[in-house]
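I have placed the structure first, in the form of structure tokens, so that the comments after it can refer back to it.
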Amino acid sequence: MLAFPSVAVEVISGNCIPLKGEIHPPGDKSISHRAVILGSLAEGVTLVKGFLFADDTLRTLRAMEMMGVSIESHGEELKILEIKGK
């Protein structure tokens, strides 16, 4: 059995201004796959923000397009339209 020593961290804050802002984490492959598949099955338009453009996620996009789904790419966003001829 491994034992790890405990580590104490003390944070001291003085007269500071509050931290405000937004973070935009990079896209995630498994979520990108799911978003494309579910968006392809949904009725109407699906907007996917933060899509991760990787080899396997692009293959998922192409597979959905081959099945008749119309997909538009705008930067890191995808617009998934209904299946043509549905």
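Read the figures in this text as sums done on the coordinates, not as results from a lab. What you are looking at is a predicted structure, and each value in this text was computed from that prediction instead of being measured. Backbone-built Cβ (ideal geometry, glycine too); neighbour counts: all protein chains shown.
Values computed for the structure shown
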quantity: Residue match in region 34-48 (condition: surrounded by 12 or more Cβ atoms within 10 Å (Cβ to Cβ), basic (Lys, Arg) and within 22 Å of residue 83 (Cβ to Cβ)); calculated: yes
quantity: Members of region 39-82 that are closer than 21 Å to residue 25 by Cα and hydrophobic (A, V, I, L, M, F, W, C); calculated: 47, 48, 51, 52, 53, 54, 58, 78
quantity: Pair list, Cβ < 8 Å and 6+ apart or interchain, from region 17-40 residues that are on the phi < 0 side of the Ramachandran plot and part of a helix (DSSP H, G or I) to residues that are surrounded by fewer than 14 Cβ atoms within 10 Å (Cβ to Cβ) and acidic (Asp, Glu); calculated: 29/56; 33/56
quantity: Residues of region 55-82 classified as without any contact (Cβ under 8 Å) to a residue 40 or more places away in the chain and in contact with a Lys or Arg (Cβ under 9 Å, 6 or more places away or on another chain), total; calculated: 9
